[in-house]
Amino acid sequence: MVNVIWAALIFIAIGYSLITGNIEVINNGILTHATTGINLILEMMPLMILWTGIMKIAEVSGLLNVFARVLNPILSKLFPSLPKEHKALGYIASNVGANMLGLGSAATPFGLKAMEELQKDNPCKDTATEAMITFLVLNTGGVTLIPTTVISLRLINGSVNPTEIIITSILATSVSSFAGLFLDYMIRRKKR
Amino acid sequence: MNTISKVIIPLFVLIIILYGVKKKVNVYDTFLEGAKEGLIMVFHITPTIMAMVFAVNLFLDSNFLEAALSFVKPLFKLINVPMDILPMALLRPISGTASMAIMNDIFINFGPDSFIGRLASTLQGCTDTTIYVLALYFGSIKITKTRYSLPVGLFADLMGIIAAFIITFIFFG
């Protein structure tokens, strides 16, 4: 699926630019976007390494299990295929928690760790499991309670009440997450 | 609100290390072990990020989206959707940076407290960049068969976008 999207983006970009005579821009783009990509990686790398280090302490000390146990009533409903003490659950709980608080830089390493743990007992290594898909739906739904970047941009642009959009954002994000989880649930149920 | 978010991370780190010390974990060595895993993780996701950034940015450079949208303009005018929000709604699942940039343009042109400004703010906060997240997370563990994940993710985005329109209208319309 990602395969098709990736190819389509590039076909459209180059094909359309050839037709409109805008190929100069694409030519420059091909040469510069690799640097853009590397810059993005360099930006996220320090915090990735830091958070995986800190979270390893939480994992070994058993604190991650405590997080997972607190959220267990919800998590066990969302992830029926995972046993209660599964390592991934602690990371999933941390990922969702960090996302809610708007700590995107911490959420990503937790999420990647969760996927790594889920992959460990995946019988078919190139195929996504149900738990992985549910987790990603939960993750891309983006349950952000306080959209910090949006608020600061509103403030910079002279908003009288920069935080007034918090409530509308929470409502919209709830609809999105709920719709995603519901569809995911229906698909899983149909498969059985 | 700001003070809370400033205290959360230090507190979180403090609690983890305190709990580790209390449980007699060798916190320093464990940190190094985890950090090493993190480094390997970065190594694994580097090709994925490069691939996505490259394709998405080329697509944005080509201006194809603006051209394609000019065809559907009249349709959306009929149901009273402000046109300038469409590129943002379409880009939201593909690129967070691109949709953020459009949101900022909307703030500059119409003001953050205009209807479209509030709509853009809600839209930016209501969902994450689905395609990027899927590529990154599946790419990191080399999953190629993503099954029904993309349709479900995009369905959630679509519902979020529709909800953002309706909710902004109810609150500020």
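Here are some notes:
- Relative contact order of segment B:90-173, defined on C-alpha pairs under 8 angstrom at six or more residues apart (%): 34 percent
- Membrane-span-like helices of chain B, defined as complete DSSP H segments with a Cα extent of 20 Å or more along the helix axis and a mean Kyte hydropathy of at least 1.0, are identified as B:2-22, B:27-61, B:64-78, B:149-172.
- Burial ordering of B:I45, B:I40, A:I166, fewest other beta-carbon atoms within 10 Å first: B:I40, A:I166, B:I45
- Cα Rg over Rh - segment A:88-192, Kirkwood: 1.08
- Per-q log10 I(q)/I(0), segment B:63-172, q = 0.19 Å⁻¹ (Debye; single scatterer per alpha-carbon; no solvent): -1.01
- Radius ratio Rg over Rh of chain A, counting only Cα atoms, Kirkwood formula for Rh: 1.03
- FRET efficiency, 1/(1 + (r/R0)^6) with R0 56 Å, evaluated for A:K191 and A:T20 via beta carbons: 0.80
- Trypsin sites (Lys or Arg not before Pro) lying in DSSP loop within segment A:29-134, provided at most 13 other Cβ fall within 10 Å: A:K84, A:K125
- Sorted by Cβ neighbour density within 10 Å, fewest at the top, the residues A:L31, A:L112, A:L9: A:L31, A:L9, A:L112
- Once the Kirkwood radius over Cα pairs is known for the protein assembly as shown, the Stokes-Einstein relation at 10 °C and 1.306 mPa s delivers a diffusion coefficient of 74 µm²/s.
- Within the listed set A:M100, A:M45, A:M55, the residue fluctuating most in the Gaussian network model of chain A (springs between alpha-carbon atoms under 10 angstrom) is A:M45.
- Across chain B, the mean sequence separation of Cα contacts (distance under 8 Å, 6 or more residues apart), normalised by length, yields a relative contact order of 20 percent.
- Beyond 25 Å in Cα-Cα separation lie the following of the pairs A:K120/B:K24; A:K87/B:K24; A:K56/B:K145; A:K56/A:K191: A:K120/B:K24; A:K56/B:K145; A:K56/A:K191.
- Residues in segment A:75-82 carry Karplus couplings, in order, of 4, 5, 6, 6, 10, x, 7, 9 Hz; the curve used is 6.51 cos²θ - 1.76 cosθ + 1.60 with θ = phi - 60°, and Gly or Pro positions show x.
- Of the trypsin sites (Lys or Arg not before Pro) found in segment B:11-65, those in coil by DSSP whose Cβ has at most 16 other Cβ atoms within 10 Å are B:K23, B:K24.
- According to the Cα-based calculation, Rg over Rh for segment A:1-45 is 1.09, with Rh computed by the Kirkwood formula.
- Note on A:T173, B:T46: ascending count of other Cβ atoms within 10 Å places them as B:T46, A:T173, the fewest first.
- Candidate aspartates and glutamates - alpha carbon under 18 Å from B:K36, same-chain residues fewer than 8 apart omitted: A:E43, A:E59, A:E116, A:E117
- Based on the Stokes-Einstein relation at 10 °C and a viscosity of 1.306 mPa s, and on the Kirkwood radius from alpha carbon pairs, segment B:1-46 is assigned a translational diffusion coefficient of 128 µm²/s.
- When only Cα pairs below 8 angstrom with a gap of at least 6 residues are kept, chain A shows a relative contact order of 16 percent.
- Largest mean-square fluctuation among B:N109, B:N57, B:N26, in a Gaussian network model of chain B whose springs join Cα atoms under 10 Å apart, belongs to B:N26.
Taken together, the values in this text are just the output of simple stated rules run on the coordinates, not laboratory data. From a predicted model like this one, the values you see are computed outputs, not experimental measurements. Every residue, glycine among them, receives a Cβ derived from its backbone with ideal geometry; neighbour counts consider all protein chains shown.
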